[in-house]
Ligand SMILES: Cc1ncc(COP(=O)(O)O)c(C=O)c1O
C-alpha cells in the first residue's frame, strides 16, 4: 500500500493546478461578435452567419442539410414533427439520457416509451427496442451517449423491418464517427446541441442534420413559424415555432467549428490513453469498445465503478476521494428518466386529471417502468467532462495517479468512511 495519505484524509492532493477552462475563445470570437454587432443584422432572416454555419457544420458532419435552431431540445422536437410523429404515436427512447430525448415526443402529445440500455456502453439496447415495438410505435430515438455511436446497424435493421423512423439524438455527436461516418444523418434525421457544456458551443444552440431534402424543407419551415424559403414573408405553410438561431450564435459557432477537429482528436486520443492506463485498476470498469465506434467526441469520459473490488466503499465516497485528489469526476444522472416527477407524478395533461392522451386510446402510466441496466448504470457511473480531456498527457497522468492512489489506499478509505 502507498505511504501517501489520501487528500480526503488530510494528505496532499495529486493535483492542484486547474483543468482546461471551458468554453474556449480568443480574439476570433470577439471579432466575429463585433462584426455581427456592427452589421445590425442580429436575426438570421437578415444576416448570413447562421446559413454559413448550417452549410459548414452539415459538411463537417457528413450530412447534406443542416437546419440551425435555438437549442438541441428544439432540434429533436422539430425533427420528430417533420418526420410525421403525431399525438398518440409511441416513440421509443432510452431510459438513460437527458430529459429532452423524452420530452420531445411528449411535446407533440406522442408517448415516449422507455427501454433499457446496454450496461456495457450506456447506449440504447437494440433488443429492448425490438421487444418494445407495438402497433403504435412510429419512431425510435437512439442517443449516441457521451459521443459513442449507438449500435446503428441493428437499430436501422429493426426500424426497417418494422417500418419505424429513426431520429438520432446526436446532441453529443460532434465529430464522432460510426464506422468512419459522422453521426446525425444516419437515420432520417438527427438533433445536435451547442449548449454551453457541449464540445462546440454558443451558450445555447442546436442543429438538425438530414440527407433528406423533404425533411430539410419541413425542418426549415418548422423553425421559422411555417415560412417557406422563397415564398412571401407572411405566408405560413406549417404550424411551426420561432426556434430560430440568432446571428450571434451562428457567428460564434463558425469560429468554434475551426477548432473542433483538433479538439475532438485530442479528447479521443486522451480517452484511449486513459482506457489503456486505467484498466490496471479494478475500481474502474471500462466501457466496451465497440468496433463501430471509430471515434468518439468524448463529451463525457465514462466508466463504471467497481464497488466489490473497492471492498464495498460506496461510489460517491470513491468520487469524493478522487475529487479531493484534484480530479473532477462526477456521477452522471442520478436516476433513469422515468423516475423524474414528470413521469412518476404524471405532470402532464390537466391538473388533477389522470393523463389520457385522447389519441392513445388507453391511460398512460409510467409507474411500472423498470430498466435494470439503466438503474445500475446510474448507481455505478463515473463521468469526467470533455474540457478535462482537452488537457495534455501530463494532465491525463494526474488522473491515472489519482485513481492509483485511491485504489492503493482503499483500506484506509474504508476505515475512515
Ligand atoms: C442527450 C441530450 N439530448 C438533448 C439535449 C438537449 O439539448 P439542449 O440543452 O441544447 O436543448 C441534451 C443537452 O443537454 C442532451 O445531452
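In the range 116-133, the count of residues that are within 15 Å of the ligand (Cβ to nearest atom), in contact with a strand residue (DSSP E or B) (Cβ under 8 Å, 6 or more places away or on another chain) and in a loop (DSSP other than H, G, I, E, B) is one or more. Would you call residue 209 in contact with a helix residue (DSSP H, G or I) (Cβ under 9 Å, 6 or more places away or on another chain) and more than 16 Å from the ligand (Cβ to nearest atom)? Spelling it out, it is not the case that residue 209 is in contact with a helix residue (DSSP H, G or I) (Cβ under 9 Å, 6 or more places away or on another chain) and more than 16 Å from the ligand (Cβ to nearest atom). Note on the range 58-80: among residues that are part of a helix (DSSP H, G or I), touching a residue at least 60 places away in the same chain (Cβ under 8 Å) and away from the ligand (no atom under 14 Å from the Cβ), the one that is surrounded by the fewest Cβ atoms within 10 Å (Cβ to Cβ) is 60.
Restricting to the range 91-111, count the residues that are part of a loop (DSSP other than H, G, I, E, B), near the ligand (Cβ under 9 Å from one of its atoms) and crowded, with 24+ Cβ neighbours inside 10 Å. Break it down into steps so the answer makes sense when it comes.
So the first thing to find is which residues in the range 91-111 are part of a loop (DSSP other than H, G, I, E, B), and the list is 95-98, 108-110.
In the following step, the residues that additionally are near the ligand (Cβ under 9 Å from one of its atoms) were identified as 97-98.
If we keep only those that are crowded, with 24+ Cβ neighbours inside 10 Å as well, we get 97.
The qualifying residues number 1.
Residues in the range 199-226 that are surrounded by fewer than 24 Cβ atoms within 10 Å (Cβ to Cβ) and assigned to a loop (DSSP other than H, G, I, E, B): 201, 203, 204, 211, 212, 225, 226.
Of all residues in the range 153-185, those being over 16 Å from the mean Cα position of the chain (by Cα) and either free of Cβ contacts under 8 Å to residues at least 12 places away in the same chain or outside any strand (DSSP E or B) (or both) number 14. A residue that is farther than 19 Å from residue 183 by Cα, within 16 Å of the ligand (Cβ to nearest atom) and surrounded by fewer than 23 Cβ atoms within 10 Å (Cβ to Cβ) cannot be found anywhere in the range 31-50. Here residue 84 does not fit the description of being more than 30 Å from residue 288 (Cα to Cα), modelled with pLDDT under 95, surrounded by fewer than 23 Cβ atoms within 10 Å (Cβ to Cβ) and more than 12 Å from the ligand (Cβ to nearest atom).
Residues in the range 267-281 that are surrounded by 17 or more Cβ atoms within 10 Å (Cβ to Cβ) and under 15 Å from residue 297 (Cα atoms): 267, 268, 270, 271, 274.
The values are calculated or read from the model by the stated rules, or taken from the named source; none is laboratory data. Just so you know, these numbers come straight off a predicted model, no measurement behind them. Positions of Cβ are backbone-derived with ideal geometry, glycine not excepted, and every protein chain shown enters the neighbour counts.
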